[in-house]
Amino acid sequence: MKASPVYTLAEGVPYGSATTAQHFGGDNIKGLMLLQDTQLIETLAHFSRERIPERVVHAHAVGAWGEFEVTHDISEFTDAKFLNGIGKKSKTLLRVSTVGPERGGSDSIRDVRGWGMKIFTEEGNQDWVFNSIPVFFVRDPIKFPSLNRSHKRHPATNMTDPTMFWDFHNNSQEGIHALMLLFSDRGTPKSIRHINAYSGHTYKLTKEDGTFHYIKVHIKTNQGVENLLNDDAVKLAGQAPDFHAADLHQAIVNENYPSWTVYFQIMKPDDAETYRWNIFDMTKIWPHSDFPLIPVGKLTLNRNPANYFADIEQAAFSPSNMVPGWAPSADPMLQARMFAYNDAARYRLGVNYQQLPCNRAVSHVYCPYQRDGFMTFTDNYGGDPNYVGSDLKPVTFAGNVGANGCVVGGHEKWIGQVIGFTSRVVDDDFVQPRAFWEVLGKQNGQREHLAYNVACHLSGADPQVHAKALEMFSKVHPKVAEMIQVELEKIANSHR
Ligand code: NDP
């Protein structure tokens with residue numbers, strides 16, 4: 001048996017009791033507490049400060065450690081070392097979250113699940129900050145805060161508000177594709193082990209020779225996709241709000257390690273120029289028939305966090321964390337997220353969040369021009385120059401430097417004019433949702449579930465937003481709106 005640890009105050013001073021406050025006035029309850037009681041004061045003061053700012057979105061989560069293993073050779077597309085060498089394994093941290101609810105939310109509610117994954121590679125951290133559906137609700141980043149507010153609490157009532165939700169989506173109908181997926185049964189997964197994740201964005205795989213390919217990432221569960229029916233998910237949210245957390249934790253305790261197969265869709269740059277769909281539009285998928293899934297690797301979760309706060313709450317993921325061989329595309333949402341995620345981490349965790357054990361790269365880090373700030377707990381680069389360019393302690397730079405001294409690696413050329421970007425909704429925005437409606441039509445009960453799931457939510461909204469919502473669904477197919485209308489009437493009759 002391990003020796004029990006000797007209790008100390010936070011400064012390391014051994015102390016005789018954790019439950020005795022200093023008291024003037026004898027050993028009965030009468031008397032005064034003392035300001036000299038460092039233990040009492042520190043304990044109370046620390047308690048008041050033990051919450052850090054909650055994430056504005058994706059606050060409620062579950063996570064675990066694992067590994068990413070390369071299973072197929074894709075070296076013709078990328079130099080990224082973590083993707084090269086069949087059998088190569090990299091340590092991985094995964095955090096899966098609901099989007100709207102606060103930290104104490106229920107696991108089983110209808111929502112997209114965020115998929116924050118950090119792969120600790122020999123060339124630094126590669127983050128995959130994905131979602132459980134392959135498309136997003138908006139493609140213009142200026143709408144991102146509005147979208148999320150409409151899914152959260154009303155400014156007057158502080159209640160979630162279906163009227164606000166539908167009012168937003170009625171006026172941002174580029175989100176219809178994501179709405180169809182959210183209100184399919186995939187919006188209420190049975191467990192984290194049974195969901196897929198998708199990059200949504202287009203990224204690039206690059207090679208040092210200047211070539212690149214566009215890709216989308218698909219992470220498919222090896223447990224099989226399984227979902228809850230709407231009413232069961234609602235009940236479970238009350239009965240067992242931590243259901244998904246318990247399910248994942250117990251599976252790992254039982255050594256029933258969940259795994260996922262990672263696939264890429266890969267597109268040549270020339271094909272992107274003429275492709276039917278704008279590959280930088282996050283409301284669109286690439287049909288499998290055009291770009292088949294190519295297997296790449298396997299993710300396995302095999303270790304529960306030793307401490308949720310240390311490992312999962314303090315974890316910070318950003319789509320801007322990319323290793324050589326992996327690069328961003330011109331998707332406006334991706335470009336904006338590459339700023340916003342790090343910025344959120346700086347606000348939430350402080351400017352040195354990259355030094356926290358759960359975020360710290362396992363590879364060599366030498367970034368002496370980014371130093372000081374709250375809570376530096378490395379050696380802060382000692383006396384090394386804090387300015388660029390030094391003969392006293394020269395720095396070695398890796399990478400591909402061209403004749404002009406600039407780093408080569410842009411891979412793309414852009415020429416154009418600066419204009420205001422406004423994403424107008426067009427008929428094409430309803431084509432892929434219609435294809436999804438066809439997919440649902442081939443599976444027993446799936447269309448009926450979607451209509452019922454929408455009606456359950458829409459029935460809670462003010463009737464003044466119903467007509468426009470139904471009109472939006474009718475642009476996918478008149479049958480969608482018709483079926484939702486029937487379900488709305490059934491719900492209204494059941495309340496009479
Ligand atoms: P496919 O028939 O090849 O793909 C349809 C995909 O839809 C499936 O592979 C599956 O995604 C997903 N799916 C199947 N059943 C359901 C269901 N009951 N609820 C939710 N999702 C389901 O056709 P396309 O590739 O041409 O896509 C057609 C439509 O399917 C798209 O417009 C899109 O709405 C949707 N879809 C497409 C995806 C893609 O990347 N191509 C991914 C997911 C959905 P998965 O295999 O990932 O589980």
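If you go through the stretch 232-246 one residue at a time, do you hit one that is out of contact with any Lys or Arg (no Cβ under 6 Å at 6 or more places or on another chain) and within 16 Å of the ligand (Cβ to nearest atom)? Reasoning before the result, please.
Taking the stretch 232-246 as the starting set, the residues that turn out to be out of contact with any Lys or Arg (no Cβ under 6 Å at 6 or more places or on another chain) are 232-246.
From what's left, within 16 Å of the ligand (Cβ to nearest atom): 233.
Yes; the residues of the stretch 232-246 include at least one that is out of contact with any Lys or Arg (no Cβ under 6 Å at 6 or more places or on another chain) and within 16 Å of the ligand (Cβ to nearest atom).
Within the stretch 432-459, being assigned to a loop (DSSP other than H, G, I, E, B) and within 6 Å of the ligand (Cβ to nearest atom) holds for one residue alone: Gln443. Out of Val323, Val253, Val262, Val296, one residue alone is open to solvent by 30 Å² or more (accessible area, probe 1.4 Å), of a type in the set (Val, Ile, Thr) and either more than 30 Å from Arg424 (Cα to Cα) or modelled with pLDDT under 95 (or both). It is Val253.
Which of the following residues is open to solvent by 60 Å² or more (accessible area, probe 1.4 Å) and either at pLDDT below 95 or more than 12 Å from the ligand (Cβ to nearest atom) (or both): Asp290, Asp271?
Asp271
The single condition from (1) open to solvent by less than 50 Å² (accessible area, probe 1.4 Å); (2) on the phi > 0 side of the Ramachandran plot that Gly389 fails is (1).
For the stretch 157-174, the set of residues classified as touching a helix residue (DSSP H, G or I) at 6+ places or on another chain (Cβ under 9 Å), of a type outside the set (D, E, K, R) and more than 16 Å from the ligand (Cβ to nearest atom) consists of Thr160, Pro162, Thr163, Met164, Phe165, Trp166, Phe168, His169, Asn170, Asn171, Ser172, listed by residue number.
The criterion of at least 3 residues that are touching a helix residue (DSSP H, G or I) at 6+ places or on another chain (Cβ under 6 Å) and touching a residue at least 40 places away in the same chain (Cβ under 8 Å) is met by the following helices (runs of 4 or more DSSP H) wholly inside the stretch 190-296: 243-253.
Conditions: (1) of a type outside the set (Asp, Glu); (2) open to solvent by 100 Å² or more (accessible area, probe 1.4 Å); (3) assigned by TED's automatic domain parsing to the domain that holds Val253. Val6 meets all but one. Number of the miss? The failed condition is (3).
Evaluate the following for Ala330: is it open to solvent by 10 Å² or more (accessible area, probe 1.4 Å) and modelled with pLDDT under 95?
Numbers: open to solvent by 10 Å² or more (accessible area, probe 1.4 Å): yes; modelled with pLDDT under 95: yes.
Against the criterion (open to solvent by 10 Å² or more (accessible area, probe 1.4 Å) and modelled with pLDDT under 95), Ala330 qualifies.
Count, please, the residues in the stretch 180-229 that happen to be among the small types (Gly, Ala, Ser), open to solvent by 10 Å² or more (accessible area, probe 1.4 Å) and within 12 Å of the ligand (Cβ to nearest atom). Break it down stepwise before answering.
The initial filter retains those residues of the stretch 180-229 that are among the small types (Gly, Ala, Ser), namely 184, 187, 191, 197, 199-200, 210, 224.
From what is left, the residues that are open to solvent by 10 Å² or more (accessible area, probe 1.4 Å) are 210, 224.
Now drop any that are not within 12 Å of the ligand (Cβ to nearest atom), which leaves 224.
Qualifying residue count, the stretch 180-229: 1.
For the stretch 428-446, a tally of residues being open to solvent by 80 Å² or more (accessible area, probe 1.4 Å) and touching a residue at least 12 places away in the same chain (Cβ under 8 Å) returns 1.
Is it the case, given these coordinates, that His177 is more than 16 Å from the ligand (Cβ to nearest atom), under 23 Å from Val57 (Cβ atoms), at pLDDT 95 or above and surrounded by 19 or more Cβ atoms within 10 Å (Cβ to Cβ)? Spell out how you get there, then give the answer.
Values: more than 16 Å from the ligand (Cβ to nearest atom): no; under 23 Å from Val57 (Cβ atoms): yes; at pLDDT 95 or above: yes; surrounded by 19 or more Cβ atoms within 10 Å (Cβ to Cβ): yes.
No; evaluated as a whole, the condition is false for this residue.
Okay, residues lined up against (1) part of a strand (DSSP E or B); (2) surrounded by fewer than 18 Cβ atoms within 10 Å (Cβ to Cβ):
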site	(1), (2)
Thr43	no, yes
Glu50	no, yes
Pro53	no, yes
Phe77	no, no
Leu93	yes, no
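Here Ala467 fits the description: without any contact (Cβ under 8 Å) to a residue 40 or more places away in the chain, closer than 27 Å to Ile142 by Cα and in a helix (DSSP H, G or I). Only a single criterion out of (1) away from the ligand (no atom under 16 Å from the Cβ); (2) assigned to a helix (DSSP H, G or I); (3) touching a Pro at 6+ places or on another chain (Cβ under 8 Å) is not satisfied by Val129, namely (2). Apart from one condition, Gly85 fits all of (1) under 30 Å from Tyr308 (Cα atoms); (2) open to solvent by 10 Å² or more (accessible area, probe 1.4 Å); (3) assigned by TED's automatic domain parsing to the domain that holds Phe317; the exception is (1). The set of residues in the stretch 268-294 being of a type outside the set (S, T, N, Q) and under 24 Å from the mean Cα position of the chain (by Cα) consists of Ile279, Phe280, Asp281, Met282, Lys284, Ile285, Trp286, Pro287, His288, Leu293, Ile294. In the stretch 139-152, the residue that is nearest to the ligand (Cβ to nearest atom) out of those that are closer than 18 Å to Gly187 by Cβ and either open to solvent by 40 Å² or more (accessible area, probe 1.4 Å) or touching a Gly at 6+ places or on another chain (Cβ under 6 Å) (or both) is His151. Only one of the numbered conditions (1) in contact (Cβ under 8 Å) with a residue 40 or more places away in the chain; (2) more than 30 Å from Gln239 (Cβ to Cβ) is violated by Ala64, and that is (2).
Of the residues examined, Glu487 is not one that is at pLDDT 95 or above and open to solvent by 70 Å² or more (accessible area, probe 1.4 Å). Of everything listed in (1) open to solvent by 10 Å² or more (accessible area, probe 1.4 Å); (2) outside the structural domain of Leu248 (by TED's automatic domain parsing), the single unmet condition for Ile109 is (2).
The values are calculated or read from the model by the stated rules, or taken from the named source; none is laboratory data. In this text the structure is predicted, and so the values were computed from the model without any measurement. We place every Cβ from the backbone using ideal geometry, glycine too, and count neighbours over all the protein chains shown. Calculation scope for accessible area: heavy atoms of the full protein, side chains included, ligands and nucleic acids excluded. Shrake-Rupley method; radii C 1.70, N 1.55, O 1.52, S 1.80 Å.
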